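First comes the structure, then the notes that go with it.
The values are calculated or read from the model by the stated rules, or taken from the named source; none is laboratory data. Owing to the predicted nature of the structure, the values given are computational and were not obtained by experimental measurement. Here the Cβ positions follow ideal geometry from the backbone for every residue, glycine too, while neighbour counts run over all protein chains shown.
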Amino acid sequence: MIKFTKTASDPFSRARTGVLSTDHGEIPTPIFMPVGTVGSVKGVYHRDLSQDIGARIILGNTYHLYLRPGLDILRRAGGLHKFEHWDGPILTDSGGFQVFSLSKIRKITPEGCKFSSHIDGSRHMFTPENNVDTQRIIGADIMMALDECCPGDADRSYAAKSLKLTQGWLERYSKRFAETEPLYGYAQTFFPIIQGCTYPDLRVEAAEHALQFAQAGIAIGGLAVGEPTEVMYEMLEVLDPVIPQDKARYLMGVGTPANILEGIARGVDMFDCVMPTRNARNGMIFTWDGAINMRNAKWADDFSPIDPLGTSFVDHYYTKAYLHHLFIAGEMFAAMLASEHNLAFYLELVRQARAHIEEGDFTAWKNSAVQRLSQRI
RNA sequence: GUGCGAUUAGUUCAGUUGGUAGAGCACCAGAUUGUGGUUCUGGGUGUCGUGGGUUCGAGCCCCACAUCGCACC
């Protein structure tokens with residue numbers, strides 16, 4: 001049984017704390033979920049993920065795992081938890097976003113989406129039904145409904161049409177979910193996804209429809225896909241009163257540290273984003289005083305710790321000059337250190353957010369933090 | 001010692017019939033939001049080996065020198 005329980009709320013914003021319970025452990029919210037697309041959070045040991053970083057739940061991706069290693073291997077491995085040896089909760093994205101972002105050749109119909117693999121060009125089709133079956137085999141604690149991720153600049157008629165498609169898929173997805181059982185002895189749930197692009201009325205309509213199928217939580221998708229940040233915040237404000245307080249809210253694919261705090265202030269409980277890991281591989285590290293491009297020449301002789309305020313061991317064990325050198329030299333260790341730091345930073349960010357919500361001073365803290373976080377050093 | 005070839009950005013090299021120089025990589029900077037260890041965008045950073053000469057004008061033509069490479073005594 002997977003359920004969400006709200007535990008505290010902020011008097012000056014929509015921020016709240018809660019606990020999402022799964023058979024693999026309890027997840028305190030608000031939470032950030034590191035992305036582990038193909039069964040690994042790139043460059044980070046699971047040991048460090050759970051201990052040094054403090055991750056409570058990680059992601060996997062149905063599109064990627066379906067293509068590689070494939071369902072046969074995943075089934076024989078006993079599911080993704082055993083395969084990658086992660087004992088905590090796992091959430092899998094359905095792959096709808098990858099069909100949108102990766103596949104050059106794709107055809108979306110009411111039946112499902114046909115696409116060609118980005119690996120070998122082979123043809124495949126996702127339907128709501130086989131997407132449930134696939135995520136059963138992967139064995140995620142939280143499965144995501146198959147949706148169409150509508151571009152942020154779509155016109156209203158496209159957005160409305162796209163939403164209808166997502167809604168039809170959701171109904172079939174939910175039906176299939178009810179007809180099937182978990183394969184590995186622990187509970188699974190699924191989150192419907194609210195689409196509707198940047199149109200408030202479509203968003204509300206999408207939420208009301210999706211809520212009929214929501215169990216422990218619901219997701220907000222189709223944001224941070226090209227629309228201005230202010231519009232994203234506006235959509236969250238439109239949705240907050242529509243979604244009951246007893247559902248966990250997951251804002252998909254977001255975002256910067258500032259985005260996350262603003263999201264929390266608007267009632268969001270769960271976030272995932274490639275930013276802390278992908279940007280880490282490209283030399284960017286996040287700190288309370290803003291983002292640093294470690295490739296910049298000015299760090300070459302800065303022998304101070306990577307981040308004096310950081311919670312990860314790497315922050316105090318290694319210097320900026322050393323990390324800079326590793327990036328310039330193209331060493332994989334650079335990506336590992338930066339990923340470790342950034343994920344620890346993101347988890348500390350949400351940990352402090354939870355603490356401030358519980359103490360009742362979240363809003364004031366958030367406002368000053370956002371300013372500092374948005375700087376470039 | 002002689003002959004031939006080379007010498008242009010950090011580097012490897014382009015550079016038309018002579019009109020004050022370009023490319024790849026490197027480097028410098030920026031982007032990155034349900035991840036293809038990517039990718040994209042912007043930036044030229046130069047005493048054209050040195051010194052003379054011809055010419056309105058030389059990276060290019062002529063002379064000398066220097067350095068490097070190859071070949072031959």
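Taken over segment A:227-252, the criterion of being at pLDDT below 95 and touching a helix residue (DSSP H, G or I) at 6+ places or on another chain (Cβ under 8 Å) is satisfied by A:Thr229 alone. Residue count for segment A:128-184, restricted to those that are part of a loop (DSSP other than H, G, I, E, B), of a type in the set (A, V, I, L, M) and modelled with pLDDT of 95 or more: 4. Of all residues in segment A:37-64, those satisfying the criterion of being within 7 Å of RNA strand B (Cβ to nearest atom), assigned to a loop (DSSP other than H, G, I, E, B) and either in contact with a strand residue (DSSP E or B) (Cβ under 6 Å, 6 or more places away or on another chain) or of a type in the set (A, V, I, L, M, F, W, C) (or both) are A:Thr37, A:Val41. If you go through segment A:264-302 and keep only what is among the β-branched types (Val, Ile, Thr), surrounded by fewer than 22 Cβ atoms within 10 Å (Cβ to Cβ) and either more than 6 Å from RNA strand B (Cβ to nearest atom) or modelled with pLDDT under 95 (or both), you end up with just A:Thr287.
In segment A:16-32, which residue that is among the aliphatic types (A, V, I, L, M) and touching a Lys or Arg at 6+ places or on another chain (Cβ under 8 Å) is nearest to RNA strand B (Cβ to nearest atom)? Don't jump to the end; show me each part of the working.
Kept after step one, since they are among the aliphatic types (A, V, I, L, M), are these residues of segment A:16-32: A:19-20, A:27, A:31.
Restricting the remaining residues to those that are touching a Lys or Arg at 6+ places or on another chain (Cβ under 8 Å) gives A:20, A:27, A:31.
Details: A:Leu20: 17, A:Ile27: 17, A:Ile31: 14 Å.
Restricting to residues being among the aliphatic types (A, V, I, L, M) and touching a Lys or Arg at 6+ places or on another chain (Cβ under 8 Å), the top hit is A:Ile31.
Report whether or not A:Leu183 is of a type in the set (A, V, I, L, M) and closer than 24 Å to A:Glu26 by Cβ. Criteria met by A:Leu183.
If you check A:Leu261, A:Leu337, A:Leu343, which single one turns out to be modelled with pLDDT of 95 or more, under 23 Å from A:Tyr233 (Cα atoms) and under 24 Å from the mean Cα position of the chain (by Cα)?
Numbers: A:Leu337 fails: under 23 Å from A:Tyr233 (Cα atoms); A:Leu343 fails: under 23 Å from A:Tyr233 (Cα atoms).
Within the list A:Leu261, A:Leu337, A:Leu343, the selection yields A:Leu261.
Selection of segment A:241-277 for residues being closer than 22 Å to A:Gly96 by Cβ and either without any contact (Cβ under 8 Å) to a residue 12 or more places away in the chain or assigned to a strand (DSSP E or B) (or both) yields A:Ala248, A:Arg249, A:Tyr250, A:Leu251, A:Met270, A:Phe271, A:Asp272. Does A:Val44 meet the test of being surrounded by fewer than 21 Cβ atoms within 10 Å (Cβ to Cβ) and of a type in the set (A, V, I, L, M, F, W, C)? Taking the combined requirement at face value, the residue does not satisfy it.
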